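Taking it in order: structure first as structure tokens, then the write-up.
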Amino acid sequence: IWDAANPGSAAELRAYLKEHPQDKELASQLAKDEAALAQMNNGIAKTPGERAAFDAMNNHKLDEAEKRFTELLAADPQNGRMAAGMGFLRMQQNNFGAAIGFLNQATQNGFTSKAVDDALATSHFWYTMSQASQAFQDNQLDMAEAKYREALGMRANSPEALMGLAGLMVKTQRYAAAAAIYGE
């Protein structure tokens with residue numbers, strides 16, 4: 001359930017729910033998170049072409065959305081709304097580093113909104129989490145711990161970051177620290 005908050009996990013969760021439709025709690029959380037993402041996108045598009053790009057993304061036609069956003073940005077590289085759209089798309093593709101770049105570009109091109117601010121914060125969090133996870137897998141445990149703690153600095157009660165840090169504590173045989181984190 002906690003991974004439903006990760007925009008990049010939506011496709012896998014939808015596939016899981018097709019095989020496990022009885023998981024109502026996960027379905028409800030995913031629907032809530034996807035509705036929030038669609039609401040973020042509402043009101044950004046100004047032209048029919050822009051609306052078509054956002055509609056494709058909101059309907060999980062990511063290849064079509066990417067094609068449309070790319071064409072719109074090629075025609076108008078300074079279009080902050082389309083840079084934001086590409087940022088939202090990259091979030092759905094689980095490419096949070098690229099999302100940060102596009103969302104920053106949106107802001108630099110004069111498009112500011114709460115949706116972009118929220119998406120930037122979310123992208124920074126998940127990018128940091130991916131760095132922590134990669135460091136953990138690469139057995140760079142000091143780096144992993146630093147990144148999990150950085151993520152907790154962004155979202156203090158994040159179950160994802162807490163579980164990652166606790167797992168790291170177990171791996172490094174710091175069981176008391178892991179127990180304290182699991183207790184949070």
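Every number in this text was worked out from the coordinates using simple rules, so none of it is lab data. Please read these numbers as outputs of a predicted model, since none were measured by experiment. We place every Cβ from the backbone using ideal geometry, glycine too, and count neighbours over all the protein chains shown.
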Quiz item: Can you give the convex hull volume per residue for the Cα atoms of the stretch 40-116, as a whole number of Å³?
Solution: 75
Quiz item: Using the Cα atoms of the chain to build a convex hull, what is its mean projected area in square nanometres?
Solution: 11.6
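Once you charge only the Cβ atoms, +1 for Lys and Arg and -1 for Asp and Glu, what is the size of the charge dipole of the chain about its Cα centre, to the nearest 20 debye?
Computed about the Cα centre, the dipole is about 200 debye.
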Exercise. Please list, or write none, the lysines whose alpha carbon is within less than 21 Å of the alpha carbon of Lys18, excluding same-chain residues fewer than 8 places away.
Key: Lys32, Lys61
Self-check item: Acute angle (nearest 10 degrees) that the helix 48-58 long axis makes with the longest principal axis of the chain, alpha-carbon atoms
Solution: 20
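For the stretch 52-121, what's the relative contact order in percent, using C-alpha pairs closer than 8 Å and at least 6 residues apart?
25
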Quiz item: Mind checking Rg over Rh on the stretch 92-184, alpha carbons, Kirkwood formula for Rh?
Solution: 1.08
Quiz item: With axes computed from alpha carbons, what is the tilt in degrees of helix 159-171 against the longest principal axis of the chain, rounded to the nearest 10 within 0 to 90?
Solution: 40
Practice problem: Within 10 Å, count the other beta carbons around each residue, average over each peptide in 139-150, 167-178, 102-113, and list them highest first. | Solution: 102-113, 139-150, 167-178
Exercise. Give the angle, between 0 and 90 degrees and rounded to the nearest 10, that separates the Cα long axis of helix 141-154 from the longest principal axis of the Cα atoms of the chain.
Key: 60
